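Notes for the one structure printed next.
The values are calculated or read from the model by the stated rules, or taken from the named source; none is laboratory data. Since this is a predicted model, take the numbers as computed values, not measurements. Don't worry about glycine lacking a Cβ; one is built from the backbone with ideal geometry, like all the others, and counts go over all protein chains shown. Calculation scope for accessible area: heavy atoms of the full protein, side chains included, ligands and nucleic acids excluded. Shrake-Rupley method; radii C 1.70, N 1.55, O 1.52, S 1.80 Å.
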Amino acid sequence: MLRYRAVILVVTAALVLSLPAAGEEITFVMWKPSQPEIWNRLIALFEQETGIRINREIGPHSSTAAHTLLTQKLKNQDPDLDVFLMDVIWPAEFASAGWALSLDDYFPAGERDDFFPAAISACTFRDRIYGVPFWISAGLLYYRKDLLDKYGFKAPETWDQMVAQALEIVAGEQTENPALKGYSAQFKQYEGLVCNMQELLLGNRGALVDLEAGTSLLHTRRNVEAIRYVRDAIIGKVAPRGVLIYEEPESLHLFIQGHAVFHRNWPYALGILNDPAKSRVSGKVDIAVLPRFPGGKHVGTLGGWQFAISSFSRKKHLAWQFVRFMTSDRIQKLFALDTAQPPARKSVYRDPEVLRQYPHFKRLADVFESAAPRPALALYPMYSNALQRFFHRVLAIPGMPLEESAGQTDAEIEDLLRLMREADR
Ligand code: GLC
């Protein structure tokens, strides 16, 4: 009788373990998506296939604001947060704080080969991996092909050419479109400002930091030159001063309304721009690498989002099922086809169906291979905050002494770098 009971127990336990996790629920935190329909569809598909319910919490759109929301939960060791989207700049911080679960056991080295190396390296901290890349991004130049064609221009190589073309087109279109501006990008004080400015500085052969030496390089000649250019030739000239309070959505709005000749954004914007239901410039837009300064290279900042699992989740294995589903070949392809947004898996860029629909994916793959990462620092948010304050101050306040302000910020950043080195010892 006892033996009989024991057998029943073992069989029941085995059944429970192998059953789909019906009735289970996990909490997923993400920011406000620009294309919500596809997220709803994919989540519904996951729920239907696995029986696991996703309780989704939608945070703010901005990376900086989404970071605040998530880190509050993680600092509180909130056991109700299971899985979340992580910006490409967060893994060092989330790993060293013990917030993100190391995924080495779930996501072995062999399975990482199909993802862009830059995204894998961004998810890696001290030889362990903390995220699975979902999509990859890099800054691009969007332009009104119809207008450039009309004035006999090709996509500009340099920032000077961009400014000259913009001024000529805006002047020529005055009567037809008095609201037309030359350029729209993101210069609000938040993470996007760092992305935009890094592109400009590196495109003038500048550099933000020398991590080996522990020095911050804002005051160096090429950086100062590029910043001065943005202040004197771009903001309030080809771009309205309003860009100083623009994040991605506001800057895209100007362009999508047909009110800007050039626009800097991530690849996600292309699908929206070419959707006639949402855009006034559908079919009139093309993309190019961002302009450079003479002697510099074209630079797009590396962006992108990864799935990560909270160290405090009580449902890590269920969370992993969701991550594996969302980053699978099948879902990455579905997502790409639906949104025109480039996924992190390289195989999608060889898929004939995807290439037929989005021939520009081939070009994007090259841009991603050479995209410029932001410095990987455990205290990245504090570092970024110092940069944001500096850039915004010198761009927004007329007469702000540029070199002096750069020197002060360098000193502030060097203190921070020292602190991080000491904490590491
Ligand atoms: C995009 C990028 C992300 C970046 C953010 C800045 O979401 O993917 O990496 O930090 O924009 O606004």
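Go through (1) open to solvent by less than 20 Å² (accessible area, probe 1.4 Å); (2) within 16 Å of the ligand (Cβ to nearest atom); (3) farther than 30 Å from Met420 by Cα for Leu148 and report which single condition fails.
(2)
Can Gln189 be described as more than 30 Å from Asp105 (Cβ to Cβ) and either assigned to a loop (DSSP other than H, G, I, E, B) or within 16 Å of the ligand (Cβ to nearest atom) (or both)?
Criteria met by Gln189.
Given Ala207, Ala213, which one is under 23 Å from the mean Cα position of the chain (by Cα) and either farther than 22 Å from Thr64 by Cβ or in a helix (DSSP H, G or I) (or both)?
One residue alone meets the criteria, Ala207.
With respect to Arg222, determine if the residue is assigned to a loop (DSSP other than H, G, I, E, B), basic (Lys, Arg) and modelled with pLDDT of 95 or more.
Against the criterion (assigned to a loop (DSSP other than H, G, I, E, B), basic (Lys, Arg) and modelled with pLDDT of 95 or more), Arg222 does not qualify.
Condition check ((1) of a type in the set (Val, Ile, Thr); (2) surrounded by fewer than 21 Cβ atoms within 10 Å (Cβ to Cβ)) across all residues:
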residue: Ala155; (1), (2): no, yes
residue: Val163; (1), (2): yes, no
residue: Ala166; (1), (2): no, no
residue: Ala171; (1), (2): no, yes
residue: Gly182; (1), (2): no, no
residue: Glu191; (1), (2): no, no
residue: Val194; (1), (2): yes, no
residue: Gln198; (1), (2): no, no
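What are the pairs, 6+ residues apart or on separate chains, where a residue within the range 303-316 that is open to solvent by 10 Å² or more (accessible area, probe 1.4 Å) and within 16 Å of the ligand (Cβ to nearest atom) has its Cβ under 8 Å from a residue that is in a strand (DSSP E or B) and of a type in the set (Asp, Glu)?
Partner pairs satisfying both residue conditions: Trp305/Asp87.
State all residues of the range 259-269 that are open to solvent by 10 Å² or more (accessible area, probe 1.4 Å) and either more than 14 Å from the ligand (Cβ to nearest atom) or part of a loop (DSSP other than H, G, I, E, B) (or both); if no residue qualifies, say none.
Scanning the range 259-269 gives His259, Trp266.
Any residue at all in the range 172-185 that is within 27 Å of Gln388 (Cα to Cα) and within 16 Å of the ligand (Cβ to nearest atom)?
There is at least one residue in the range 172-185 that is within 27 Å of Gln388 (Cα to Cα) and within 16 Å of the ligand (Cβ to nearest atom).
When only residues in the range 19-36 that are in contact with a helix residue (DSSP H, G or I) (Cβ under 8 Å, 6 or more places away or on another chain) and not in a loop (DSSP other than H, G, I, E, B) count, which is nearest to the ligand (Cβ to nearest atom)?
Once the filter is applied, the top-ranked residue is Trp31.
Which one of Met400, Met382 is touching a Lys or Arg at 6+ places or on another chain (Cβ under 7 Å) and free of Cβ contacts under 8 Å to residues at least 40 places away in the same chain?
Met400
Report, by residue number, each residue of the range 39-83 that is touching a helix residue (DSSP H, G or I) at 6+ places or on another chain (Cβ under 7 Å) and outside any loop (DSSP other than H, G, I, E, B).
Of everything in the range 39-83, those that are touching a helix residue (DSSP H, G or I) at 6+ places or on another chain (Cβ under 7 Å) and outside any loop (DSSP other than H, G, I, E, B) turn out to be Leu42, Phe46, Thr50, Arg53, Ile54, Arg56, Gly59, Ser63, Thr64, His67, Val83.
Mind checking which pairs have a first residue in the range 64-82 that is among the acidic types (Asp, Glu) and a second that is away from the ligand (no atom under 16 Å from the Cβ) and in a helix (DSSP H, G or I), Cβ under 6 Å, 6 or more apart or different chains?
Listed by first residue and then by second, the contacts come to Asp82/Ala319.
Check the range 112-128 and report whether any residue there is touching a residue at least 40 places away in the same chain (Cβ under 8 Å), over 11 Å from Ala344 (Cα atoms) and either within 12 Å of the ligand (Cβ to nearest atom) or among the basic types (Lys, Arg) (or both).
The answer is yes, given that some residue of the range 112-128 is touching a residue at least 40 places away in the same chain (Cβ under 8 Å), over 11 Å from Ala344 (Cα atoms) and either within 12 Å of the ligand (Cβ to nearest atom) or among the basic types (Lys, Arg) (or both).
More than 22 Å from Gly303 (Cβ to Cβ), modelled with pLDDT under 95 and in a helix (DSSP H, G or I): does that describe Ala423?
Yes; evaluated as a whole, the condition is true for this residue.
Which condition from (1) touching a residue at least 40 places away in the same chain (Cβ under 8 Å); (2) open to solvent by less than 10 Å² (accessible area, probe 1.4 Å); (3) touching a helix residue (DSSP H, G or I) at 6+ places or on another chain (Cβ under 9 Å); (4) among the polar types (S, T, N, Q) is the one that Thr327 breaks?
Of everything listed in (1) touching a residue at least 40 places away in the same chain (Cβ under 8 Å); (2) open to solvent by less than 10 Å² (accessible area, probe 1.4 Å); (3) touching a helix residue (DSSP H, G or I) at 6+ places or on another chain (Cβ under 9 Å); (4) among the polar types (S, T, N, Q), Thr327 misses just condition (3).
Could you grab me the full set of residues in the range 350-370 that are crowded, with 19+ Cβ neighbours inside 10 Å and under 19 Å from the mean Cα position of the chain (by Cα)?
Those that are crowded, with 19+ Cβ neighbours inside 10 Å and under 19 Å from the mean Cα position of the chain (by Cα): Phe361, Leu364, Val367, Phe368.
Of the conditions (1) of a type outside the set (A, V, I, L, M, F, W, C); (2) open to solvent by less than 30 Å² (accessible area, probe 1.4 Å); (3) over 24 Å from the mean Cα position of the chain (by Cα), Asp232 fails just one. Which one is it?
(2)
Scanning for something within 16 Å of the ligand (Cβ to nearest atom) and not in a helix (DSSP H, G or I), does the range 289-296 turn up at least one residue?
Yes - at least one qualifying residue is present in the range 289-296.
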